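Notes follow the structure.
Laboratory data are not the source of any read-out in this text; all were calculated from the coordinates shown. This structure is a prediction, so every number in the text was calculated from the model and none was measured. Note: ideal-geometry Cβ built from the backbone for every residue, glycine included; neighbour counts use all protein chains shown.
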Amino acid sequence: MERRVDQICAGPDSRSVVNSRTLATGIHPASVYCCDDPDQAERLLAGDESGYVYQRDGHPNADAFAQKCRELHAADWAVVTSCGMSALALATLTNLQAGQHVLISDQLYGRSTQLLVEQWKRLGVEATEVNTLDLRSVATALRPTTSWVIVETITNPMLRLTDVPGLAELAHGHGAKLLVDNTFATPWLTRPLDLGADLVMESISKMMNGHSDVMLGLLVGRGDDLAAYRNTLSVWGLTSSPFDCWLARRGLATFHLRMERASQNARQVAEALERHAAVDRVLYPGLRSHPDHGRLSTLANVWPGLGEQTPGGSMVTFDLRGGREGVKRLIEASSEIPFCPSLGEVSTTLSHPASTSHRRLSEAARHQLGIQSGTVRLSVGTEDPHWVVATLSGALDRSLEADIV
Ligand SMILES: *Cc1c(COP(=O)(O)O)cnc(C)c1O
């Protein structure tokens, strides 16, 4: 007798839907699955048999998406979480204990700093912020109790490049491990596990999903401790939504194309900005003028199709001569490039760190990092390159005219 579709607990490949194989992955929103008998229930719950019991423990869409991410990072395992912040929560809740110390970059994503400095303080872990771009400062700040060093591959918004291999060696020499937030770089540009990182997290809500309609996070690593991470994931309830995983898995089909185009666009935009009268300074890792340009080739994957130029990613930061007023005029003049304080979308967006991501810092602290009142961070999209350059240049021209009037 033919099995009804609703009797089938289909796996990630949906191989058994009405006896036909689907090319696309199905969506499996089921919160609970049926077990054949008590013996199977026990085997499933112990992980001795592959399959699903309860969505919070794991579900086919998370596994289908994680599998692709595992391949992209050349990792041994991958776990998908509800957002980037829960990926950091998963990494730290699985590994940290009261009495330990963590060394973190002084340029981490604001919420990550809050999680590590404020939340973990209550739980007995002390975090020290250091300039992790300077290995000597890191060496001085490492303590016998330091268990993890936590950094971002590409910092926000200055787009500084972290010396991942150097930091990994330094941390390992002191018995500490290295966790890298690779959100800005993505595995298209960098695979930190290949460079010595022990654990890599990403916000999938940004470039990896790319369509501004999903919240997800990712944790990837090497070795055989997947079970420990899956256990923390379920106990703390950091599980992802099947629908978001399905969307993100679908979007991955064009991920490499989106990144390639956005990165090419970003280079052209950066070059055009360097020539524009309204602009004081441009930061783009692919430009020779960037302070860490020399490090780019040591971080970046080799992409044969892209010729001699190492891709520099899709983010460009620049300072407007007109300060905050100049930023207001640019936003008014650039209706087609919306002011959105996030990144990694198919459309080009701009953000103003001083009033959004870095508003909690004092002006002095912002200056210390290099963030000025006229600093603009562009997330370059996948549009026609001529359109992006012409639209942005046009808006800058108009913002200058507004200044003169
Ligand atoms: C956005 C972001 C996060 C947090 O991710 P969510 O998906 O928003 O929770 C962490 N790190 C970096 C670098 C980010 O840009």
Task: Rounded tilt (10° steps) of 60-72 against the dominant C-alpha axis of the chain - done: 50
TODO: Please list, in chain and number order, the residues 5+ apart from residue 339 or on another chain whose amide H is under 5 Å from its amide H, with Hs placed from the backbone.
DONE: 350
- [ ] Could you line up 37, 213, 163, 57 from fewest to most neighbouring Cβ atoms inside 10 Å?
- [x] 37, 213, 57, 163
Task: Gyration tensor verdict on the range 79-169 (Cα atoms; rounded if a/c is under 1.5, prolate if a/b is larger than b/c, oblate otherwise) - done: oblate
Open item on the list: Starting from a Cα-only point model with no solvent, please compute log10 I(q)/I(0) by Debye for the range 111-243 at q = 0.19 1/Å.
Closed with: -1.31
- [ ] Search the structure for amide H atoms under 5 Å from the amide H of residue 191, placed 1.01 Å from N in the peptide plane, and list their residues when 5 or more places away or on another chain.
- [x] 301
Task: Euclidean distance of C-alpha centroids, the range 339-364 and the range 152-229, integer Å - done: 21
Open item on the list: Which residue, 237, 175, 187, has the largest displacement toward the positive end of the dipole of the range 143-251 when charges sit on each Cβ (Lys, Arg +1; Asp, Glu -1)?
Closed with: 237
Task: Backbone HN-Hα couplings from phi across the range 109-115 [Karplus 6.51/-1.76/1.60, Hz, Gly and Pro as x] - done: 3, x, 5, 5, 4, 4, 4
Task: Selected from 191, 275, 267 as most flexible by GNM, with the chain as the system and alpha-carbon contacts under 10 Å - done: 275
Task: Anchor residue 206: lysines whose Cα lies under 18 Å away (excluding residues fewer than 8 positions away in-chain) - done: 68
Task: Formal net charge of residues neighbouring residue 239 (Cβ-Cβ distance under 11 Å; K, R +1; D, E -1) - done: 0
TODO: Quick one: order 148, 120 by neighbouring beta-carbon count within 10 Å, fewest to most.
DONE: 120, 148
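Could you tell me which GluC sites (Glu not before Pro) in the range 304-370 are loop residues by DSSP with no more than 11 other beta carbons within 10 angstrom of their beta carbon? Kindly include the intermediate steps, with their values, before the conclusion.
Values: sites: 308, 325, 332, 336, 345, 363; in loops: 308, 336, 345.
Passing both the DSSP loop test and the Cβ count: 308.
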Open item on the list: Using the crude model of +1 on Lys and Arg Cβ and -1 on Asp and Glu Cβ, and no other charge, please compute the dipole size for the chain relative to its Cα centre, in debye to 20.
Closed with: 620
- [ ] Please give every one of the lysines within straight-line cross-link reach of residue 121, meaning a C-alpha to C-alpha distance under 21 Å, and leave out same-chain neighbours fewer than 8 residues apart.
- [x] 177
- [ ] Quickly estimate the mean residue ellipticity at 222 nm for the chain, helices only: each DSSP H run with n ≥ 4 gives -39500 (n - 2.57), and the total goes over all residues, rounded to 500.
- [x] -11000 deg cm²/dmol
Task: Calculated FRET value between residue 332 and residue 145, using beta carbons and R₀ = 41 Å, to 0.05 - done: 0.20
Open item on the list: Looking at the calculated P(r) for the chain, what percent of the C-alpha pair distances fall above 37 Å?
Closed with: 27
Task: ³J(HN,Hα) computed for each position of the range 232-239 - Karplus, 6.51 cos²θ - 1.76 cosθ + 1.60, integer Hz, glycine/proline x - done: 4, 4, 6, 5, 8, x, 9, 5
TODO: Search the structure for amide H atoms under 5 Å from the amide H of residue 104, placed 1.01 Å from N in the peptide plane, and list their residues when 5 or more places away or on another chain.
DONE: 128, 129, 130, 150
